[in-house]
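Structure first, then comments.
The values are calculated or read from the model by the stated rules, or taken from the named source; none is laboratory data. Bear in mind that the values here come from a model prediction, so they are computed numbers and not experimental data. Here Cβ is always computed from backbone atoms with ideal geometry, including for glycine, and neighbour counts include all displayed protein chains. The accessibility values were calculated without ligands, DNA or RNA, using every heavy atom of the protein model including side chains. Shrake-Rupley method; radii C 1.70, N 1.55, O 1.52, S 1.80 Å.
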Amino acid sequence: MTHDLRRTLGRRLREHRESLGISQEALADQLGYHRTYLGAVERGERNLTLDTLEHLADRLGVDPLDLLHP
């Protein structure tokens with residue numbers, strides 16, 4: 001239960017990324033992140049800052065809250 005929000009964010013990030021037809025590697029390159037970092041975010045293994053959440057949401061064209069809502 002401790003990491004539910006991180007898993008939700010990761011799942012929602014993956015859903016939005018895939019709906020845009022963007023690979024993990026391509027999105028990571030566009031954001032200036034390493035692909036393994038983005039993969040860890042999608043698996044709920046990384047604890048993001050609010051700035052990172054906003055950066056991801058902006059690139060995906062969604063409201064940051066959309067990435068947190070189950």
Which Cα, out of 57, 5, 30, lies furthest along the positive dipole direction of the chain (beta carbon charges, K/R +1, D/E -1)? 5
In order over segment 25-40: 3J(HN,Hα) from phi, Karplus 6.51/-1.76/1.60, θ = phi - 60°, whole Hz, x for each Gly or Pro, gives 5, 5, 5, 4, 4, 5, 8, x, 10, 7, 4, 5, 5, 4, x, 5
Ignoring solvent entirely, what values of log10 I(q)/I(0) come out of the Debye formula for the chain at 0.14, 0.21 Å⁻¹ when each Cα is a single scatterer? -0.34, -0.81
Excluding ligands, DNA and RNA, what is the solvent-accessible area per residue of the chain at a probe of 1.4 Å, expressed in Å²? 63 Å²
Using only alpha carbon pairs under 8 Å that are at least six residues apart, calculate the relative contact order of the chain and give it in whole percent. 44 percent
Net charge dipole size for the chain [Lys, Arg +1 and Asp, Glu -1 on Cβ; Debye, nearest 20]: 260 debye
